[in-house]
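Student: So that we are looking at the same thing, I have put the structure below in C-alpha cells.
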Amino acid sequence: MGETVKVRELGKRYGAKKVFEFLDLSFGAGVIGLLGPNGAGKTTLLRCLATVLRPDSGRMEIFGLDPARRAQRTELRRRIGYLPQNPGLYPHFTAQAMVDYVARLKEVTDRRVRREEVQRVLAEVDLTEAAGTRVRKLSGGMRQRLGIAQALVGDPQFLVLDEPTVGLDPGQRMRFRALAARLGQDRTVLLSTHQTEDIAALCDRVIVFDEGRVAFDGTPSELAGAASGRVWSSDTQPGTAQAFWRTADGRYRVVGERPPGSTAVVPTVEDGYLQFLGTGVRA
Ligand code: ADP
C-alpha cells in the first residue's frame with residue numbers, strides 16, 4: 001500500500017484565527033502519531049481528514065477520492081473511522097445500542113451482519129460484558145473505549161483517532177496499543193496524543209505539529225535521536241539549559257547544553273519532542 005491519504009496546501013481558519021496554511025502531508029499504512037501542544041491544530045487537522053470539517057483551501061485525496069465532492073465524500077465516510085475528542089455518546093443508550101446506531105449510520109443494513117459487527121467491535125475494546133449498560137453508567141475509560149469501538153465499525157481502512165488513550169488505565173492502554181498495531185499493519189491509523197510513551201510504544205511514524213506547522217516528521221527513534229548529545233544528568237541545578245527538571249533520585253535531568261560535571265543520558269522521545277518545541281521548562 002502506497003500513500004493513500006494526501007493533503008496538499010491545506011488551509012483552515014476560524015474567523016481571523018489561522019490554524020494552518022499550505023499544509024502538505026501524506027500517509028500510507030501504519031500507525032502515525034500526531035504530537036503537539038494544545039492549540040497546535042491537531043484536532044482541526046483530524047476533523048478535516050475525517051471529513052467533518054471543510055478546509056478553506058487546498059486539496060485532500062483519500063483512497064483516490066475527493067472529500068470536497070459530495071458523492072465521493074459519502075463513499076469516503078464509509079471507509080473512515082473517527083473518534084472525536086468528545087464523542088457525542090447518548091447517555092440513555094446502552095453501549096450496544098450506541099454502536100448499533102453508528103452501524104446504521106454507516107449503512108450496515110443487514111440486521112444479522114450488524115449484530116455481529118456490534119459484538120465484534122465491543123469485543124475489540126473489551127466491552128462485551130458492558131454491552132447492556134447505559135452510557136451514563138459507564139466509567140470514563142469505558143466511554144472512551146466505546147468511542148473507539150464505534151470508530152471500528154465497518155472495519156475502516158483509515159482510522160482517525162483524537163486522543164484515543166485519554167482516560168485509559170495502563171492495562172487498557174496496553175490493549176489499545178496492541179489493537180492499533182494490528183490495525184496499522186494494513187490500514188492507516190492516525191492518532192493524536194499527549195503521551196510520548198504512546199508514541200514510543202506504538203507509532204511507526206511521528207509528526208510533531210506546532211502552531212499549524214510540521215516541526216518534525218520521522219520515526220520515534222529519529223525523534224529521540226534529535227536530542228542525542230543534548231540530554232544530561234547533573235547533581236547541581238543548571239543555569240541556562242533549555243529545559244531541566246528534578247528527578248526522583250534528586251538529580252537534574254537536563255535537555256540542552258551540557259552542564260559542567262554532568263553525565264550523558266540516552267534520550268527519549270519526550271526529550272526529542274522538547275527539542276522541537278523549543279519552550280523552556282523549569283521544574
Ligand atoms: P489542538 O487539537 O492541537 O489542541 P485545535 O485544532 O483544537 O488544536 O485548535 C487550534 C486553534 O484553533 C486553537 O487556537 C483553538 O483555540 C482554535 N479553535 C479550535 N476550534 C475552534 C473553533 N470552533 N472556533 C474558533 N477557534 C477554534
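Student: As an exercise: evaluate ALA181 against (1) open to solvent by 40 Å² or more (accessible area, probe 1.4 Å); (2) assigned to a strand (DSSP E or B) and give the number of the one condition it does not meet.
Tutor: Every condition holds for ALA181 apart from (2).
Student: For LEU76, state whether it is in the same structural domain as ILE199 (by TED's automatic domain parsing) and modelled with pLDDT of 95 or more.
Tutor: Judged against the criteria, LEU76 is not a match.
Student: Of the residues that sit in the range 174-203 and are touching a Gly at 6+ places or on another chain (Cβ under 7 Å) and within 16 Å of the ligand (Cβ to nearest atom), which one is nearest to VAL153 (Cα to Cα)?
Tutor: Looking at the filtered set, the residue picked out is LEU191.
Student: Taking the condition on the phi < 0 side of the Ramachandran plot and surrounded by fewer than 20 Cβ atoms within 10 Å (Cβ to Cβ), does ARG230 pass?
Tutor: no
Student: Applying the selection to the range 8-56, what residues are among the polar types (S, T, N, Q) and in contact with an Asp or Glu (Cβ under 7 Å, 6 or more places away or on another chain)?
Tutor: The answer is SER26, THR43.
Student: Is it the case, given these coordinates, that ALA243 is open to solvent by 80 Å² or more (accessible area, probe 1.4 Å), without any contact (Cβ under 8 Å) to a residue 40 or more places away in the chain, of a type outside the set (S, T, N, Q) and not assigned by TED's automatic domain parsing to the domain that holds PHE27?
Tutor: No, not satisfied.
Student: If I filter the range 156-177 for residues that are in contact with a helix residue (DSSP H, G or I) (Cβ under 6 Å, 6 or more places away or on another chain), open to solvent by less than 10 Å² (accessible area, probe 1.4 Å), assigned to a helix (DSSP H, G or I) and not β-branched (Val, Ile, Thr), do I get at least one hit?
Tutor: no
Student: Checking VAL118 against (1) part of a helix (DSSP H, G or I); (2) open to solvent by 30 Å² or more (accessible area, probe 1.4 Å), which single condition isn't satisfied?
Tutor: VAL118 satisfies all of (1) part of a helix (DSSP H, G or I); (2) open to solvent by 30 Å² or more (accessible area, probe 1.4 Å) except (2).
Student: Between a first residue in the range 14-35 that is under 16 Å from ARG213 (Cα atoms) and a second residue that is of a type in the set (D, E, K, R) and within 15 Å of the ligand (Cβ to nearest atom), which pairs have beta carbons less than 7 Å apart while being 6 or more apart in sequence or on different chains?
Tutor: Partner pairs satisfying both residue conditions: VAL19/LYS12; VAL19/ARG13; PHE20/LYS12; LEU34/LYS42.
Student: Quick one: how many residues across the range 105-115 are exposed (fewer than 14 other Cβ atoms within 10 Å of the Cβ) and touching a helix residue (DSSP H, G or I) at 6+ places or on another chain (Cβ under 7 Å)?
Tutor: 0
Student: Among the residues of the range 121-138, write down those that are hydroxyl-bearing (Ser, Thr, Tyr) and surrounded by 15 or more Cβ atoms within 10 Å (Cβ to Cβ).
Tutor: THR133
Student: Another question about this same structure. Assigned by TED's automatic domain parsing to the domain that holds LEU49 and outside any loop (DSSP other than H, G, I, E, B): does that describe TYR90?
Tutor: no
Student: Give me a count of the residues in the range 1-49 that are among the hydrophobic types (A, V, I, L, M, F, W, C), more than 9 Å from the ligand (Cβ to nearest atom) and over 22 Å from ALA151 (Cα atoms).
Tutor: Qualifying residue count, the range 1-49: 5.
Student: Six or more apart or on different chains, Cβ atoms under 8 Å: show the pairs whose first residue is in the range 77-90 and of a type in the set (S, T, N, Q) and whose second is buried (at least 20 other Cβ atoms within 10 Å of the Cβ).
Tutor: Listed by first residue and then by second, the contacts come to GLN85/ASP162; GLN85/GLU163.
Student: Out of the residues in the range 139-155 meeting the condition of being part of a helix (DSSP H, G or I) and free of Cβ contacts under 8 Å to residues at least 60 places away in the same chain, tell me which one is most open to solvent (accessible area, probe 1.4 Å).
Tutor: Step by step, filter the range 139-155, then rank; the result is ARG143.
The values are calculated or read from the model by the stated rules, or taken from the named source; none is laboratory data. On a predicted model such as this, the values are computed, not experimentally measured, just so you know. Cβ sites come from the backbone with ideal geometry, for glycine too, and all protein chains shown count toward neighbours. The accessibility values were calculated without ligands, DNA or RNA, using every heavy atom of the protein model including side chains. Shrake-Rupley method; radii C 1.70, N 1.55, O 1.52, S 1.80 Å.
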